[in-house]
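The values are calculated or read from the model by the stated rules, or taken from the named source; none is laboratory data. Predicted model, so just to flag it, every value in this text is computed and none were measured. We place every Cβ from the backbone using ideal geometry, glycine too, and count neighbours over all the protein chains shown. Accessible surface areas use protein heavy atoms only, side chains included; no ligands, DNA or RNA. Shrake-Rupley method; radii C 1.70, N 1.55, O 1.52, S 1.80 Å.
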There are 2 protein chains.
Amino acid sequence: MSRPVPRRPQHHKINKDLFVLTYGALVAQLCKDHEKDEDVNKYLDKMGYSIGTRLVEDFLARTCVTRCHSYSEITDIIAQASSHRNQPQVLLILWKSQQVAFKMYLGVTPSVTCNNASRNEFSLILDKNPLSEFVEELPTGRSSLCYCNLLCGIIRGALEMVHLTADVTFLQDRLKGDTVTEIGIIFLKQPNEKKYRRRK
Amino acid sequence: MSRPVPRRPQHHKINKDLFVLTYGALVAQLCKDHEKDEDVNKYLDKMGYSIGTRLVEDFLARTCVTRCHSYSEITDIIAQASSHRNQPQVLLILWKSQQVAFKMYLGVTPSVTCNNASRNEFSLILDKNPLSEFVEELPTGRSSLCYCNLLCGIIRGALEMVHLTADVTFLQDRLKGDTVTEIGIIFLKQPNEKKYRRRK
């Protein structure tokens, strides 16, 4: 059914409102189809994952062209750095990437913080979340709904494509009364070193 | 749950790919939930209708500010012109609006043709449809799916909000082997003249 995201489409900007309202329609549809908030959250995450795996190649092509020639080259760079426990380099690439990606796809730049000493947990903090711009509050009886869970799935999918497995969840949500929206990312394991050696 | 679309958001452009892939995920979800293509088409139209009713105010606010001061003013202008059978004026407003709206929200400009002598049927012809940019063909067994039916719903909803009832359907679709994508619009009735007289 589908073909890969082209590297440099001519007109790559559209009006945000159409996307935000379409996303709202998608969430409303899922709420109709599934009684439990947890099921809606899972679906949004799953959809986002699939989107993330497709967006990442386009993202890397646009942002890493000065340094890398191909998608496999950037995944190798991250994989090598990770496998040699070069955490600061990996984190720097990832932090910067998340910021650039949010700016590129949603028009906002999150701040990034590291949450623990072993440096495998960090947070993206959004003062403003465009995806829930027209939403004042969660629907009645939907207090556990993670309205923007698609974003978690997208990040998870994109990281998976550069061979980094992560747990991505909302830690704070303005729709639930928090002052900011915070997405927490925990890296679950290091990639298999041998796998990348074989690819050289 | 929701609030009105704000008139002039600061950053109103986002990357198209994210929207197009999210829309793909929405259609895939509906295909999972509904066996019949007709049911998926209906859902997309219904969702689009709801989006159209919300987008129209923002659209009119952005495009008609030099001439009108409010949403109700533009609906009155269209209603009055329609009720006095001033078809050329109504058509001119509508044709131009559709072209501007497509350019504003999807980044493409359709050509517009009138299809009959009584001038209540016209077509929007798109050489390129951004919404199906990453789709090569319809999924197996989904030959009656109108993949982009959300667009028909959006147009129908937007027209309804300016008191014009219309039937909006795909007449040609590149995903079904046609050379262009053509959306047909048939105006079903004239608005009630008395209603608008009363509002003056």
**Q.** the stretch B:24-39 - phi-based ³J(HN,Hα) in whole Hz, Karplus 6.51/-1.76/1.60, Gly and Pro as x
**A.** x, 5, 4, 5, 4, 4, 5, 5, 5, 6, 10, 6, 8, 4, 4, 5
**Q.** Pseudo-label separations to other copies for A:Asn115 - Cα-to-Cβ vector, 7 Å, nm
**A.** 5.4
Q: In nm to one decimal, list the spacings between the A:Thr169 label point and its equivalents in the other copies, with label points set 7 Å along Cα to Cβ, shortest first.
A: 4.9
Q | For the stretch B:98-189: accessible area per residue (Å², 1.4 Å) | A | 41 Å²
Q: Taking every pair of alpha-carbon atoms in the stretch B:107-192, give the share separated by more than 17 Å as a whole percent.
A: 51 percent
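Looking at this model, which pairs from A:Lys16/B:Lys42; A:Lys36/A:Lys176; A:Lys16/A:Lys46; A:Lys13/B:Lys36; B:Lys46/B:Lys96 are more than 28 angstrom apart at the alpha-carbon? It would help to have the intermediate numbers written out before the result.
Numbers: A:Lys16/B:Lys42 24 Å; A:Lys36/A:Lys176 17 Å; A:Lys16/A:Lys46 23 Å; A:Lys13/B:Lys36 33 Å; B:Lys46/B:Lys96 24 Å.
A:Lys13/B:Lys36, as the Cα separations exceed 28 Å there.
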Q.
With just the Cα atoms defining each centre, how far is the stretch A:116-182 from the stretch A:9-60? Give it in Å.
A. 13 Å
Q) What are the residues whose amide H is under 5 Å from the amide H of A:Cys148, where those residues sit 5 or more places off or on another chain and H is modelled from the backbone? A) none
Q: Could you name the aspartates and glutamates whose alpha carbon sits less than 18 Å from that of A:Lys32, not counting residues in the same chain fewer than 8 places away?
A: A:Asp45, A:Glu137, B:Asp33, B:Glu35, B:Asp39, B:Asp45
